[in-house]
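Notes follow once the structure below has been shown.
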Amino acid sequence: MIVLGNWKMNGNRDLLKGFNSYNKGLLSNSLEGVFPGLLLPYPYLGLAGDLIPGIKVGAQDVYPEDEGAITGAVSGVMLKELGCHWVCVGHSERRKIFHEESEWVAKKCFYVASHGMTPVLCVGEDAVARSQGRAREVVLEQLKPVFQSNKPPEDLIIAYEPVWAIGQGRSASMEEIEDMHQCISDYTNNYLAKGASVPIIYGGSVNPENAKSIMKVSGVDGFLIGGVSLSPELFCKVVDLCSSYCSSSM
Ligand code: PGA
């Protein structure tokens with residue numbers, strides 16, 4: 001199970017240090033079947049390894065060019081140099097606030113993979129699309145530019161995050177999660193080599209309580225966790241629960 005914390009534009013050096021009190025090796029990837037990490041704001045990426053021994057980190061975004069006169073942008077070369085394992089692309093906040101279209105997100109996705117990091121491709125419908133019964137249609141449209149025009153990256157994670165469940169304190173229901181994860185894997189399987197699969201993780205108000213049930217839902221390969229990743233105690237609790245679940249089901 002992949003358990004990624006997405007700090008968004010939150011946190012500071014003290015919060016990073018705070019993970020050490022609860023870490024107890026949890027975040028050092030030494031657990032069987034669990035791959036935890038933190039997607040940090042750019043300034044903290046280079047610090048994390050010193051402050052939390054063994055932690056794996058990723059970025060929340062990237063600009064898909066190696067260098068150039070692009071003020072404020074951060075390239076994949078830089079992220080790789082800082083030790084990033086994952087780079088999130090197409091988070092709903094980026095799609096909304098920065099007007100990022102799915103073609104642009106796909107470009108970032110291929111770019112990240114070409115630099116030897118794993119893209120975490122975020123997809124998810126908003127409340128209006130869900131109420132109109134268009135949730136699947138919206139999510140498949142978001143996936144299309146990555147799967148239809150090119151060979152999808154071999155190392156890719158898809159994060160299904162219904163926009164209406166992000167930061168709300170209430171996740172999607174187990175049925176909604178199972179249904180959409182199934183829909184995504186049915187679609188992606190059409191473009192993958194036989195026997196291959198893309199991990200699909202769920203995001204949207206995940207906490208230690210609901211994580212216990214969501215991790216058991218068929219097709220759920222882990223979590224993308226926003227608010228709760230700002231609490232070292234709660235985030236490590238989710239990692240711990242995933243670890244217990246994985247070892248009990250092995
Ligand atoms: P949340 O955020 O856990 O606070 O709902 C998830 C995300 O946006 O990645």
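The values are calculated or read from the model by the stated rules, or taken from the named source; none is laboratory data. What you see is a predicted model, and the numbers here were worked out from it, not measured in a lab. Using ideal geometry, Cβ is built from the backbone for each residue, glycine included, and neighbour counts are taken over all protein chains shown. The accessibility values were calculated without ligands, DNA or RNA, using every heavy atom of the protein model including side chains. Shrake-Rupley method; radii C 1.70, N 1.55, O 1.52, S 1.80 Å.
A few notes on this one:
- For GLU101 and TYR191, the difference between the fully extended length at 0.36 nm per residue and the C-alpha to C-alpha distance is 30.3 nm.
- Alpha-carbon Debye profile of region 136-178, log10 I(q)/I(0) at 0.16, 0.18, 0.25, 0.34 Å⁻¹: -0.56, -0.68, -0.97, -1.22
- Separation of the ASN150 and GLU209 label points, Cα + 7 Å toward Cβ, nm: 4.2 nm
- Mean separation of Cα contacts under 8 Å, 6 or more apart, over the residue count of the chain: relative contact order %: 22 percent
- Loop-located GluC sites (Glu not before Pro) in region 133-214 (DSSP state not H, G, I, E or B) with no more than 11 neighbouring Cβ atoms inside 10 Å: GLU154.
- Intensity falloff of region 41-177 expressed as log10 I(q)/I(0), Debye formula with alpha-carbon point scatterers, at q = 0.18 Å⁻¹: -1.05
- Contour minus Cα-Cα distance for ASN12 and SER244 (0.36 nm per residue): 80.6 nm
- Of every Cα-Cα pair in the chain, the percent that sits beyond 27 Å: 31 percent
- FRET efficiency estimate (nearest 0.05) - Cβ-Cβ, VAL77 to ASP50, R0 30 angstrom: 0.90
- Over region 26-86, relative contact order from alpha-carbon pairs under 8 Å, at least 6 apart, %: 32 percent
- Estimated purely from DSSP H runs of n ≥ 4, each contributing -39500 (n - 2.57), the mean residue ellipticity at 222 nm for the chain is -12500 deg cm²/dmol once divided by its residues.
- For region 1-78 versus region 211-250, the inter-centroid distance based on Cα atoms is 18 Å.
- Region 1-76: Cα Rg divided by the 2.2 N^0.38 Å rule of thumb: 1.21
- Extent along principal axes [Cα atoms of region 186-243; Å; largest to smallest]: 40, 18, 15
- In terms of distances greater than 21 angstrom between alpha carbons, the cross-link table entries LYS8/LYS144; LYS151/LYS194; LYS108/LYS144; LYS212/LYS237; LYS17/LYS56; LYS80/LYS194 yield LYS8/LYS144; LYS80/LYS194.
- Compactness of region 136-250 was expressed as the Cα radius of gyration divided by 2.2 N^0.38 Å, which yields 1.10.
- Summarised in one figure, the compactness ratio Rg/Rh of region 108-164, Cα atoms and Kirkwood Rh, is 1.05.
- Rolling a 1.4 angstrom probe over the protein heavy atoms with all chains in place gives the chain an accessible area of 46 Å² per residue.
- Per-atom-type breakdown for region 107-195 gives carbon and sulfur 46% of the accessible area (1.4 Å probe, protein chains only).
- Per-peptide average of other Cβ atoms within 10 Å, ordering 211-218, 233-240 highest first: 233-240, 211-218
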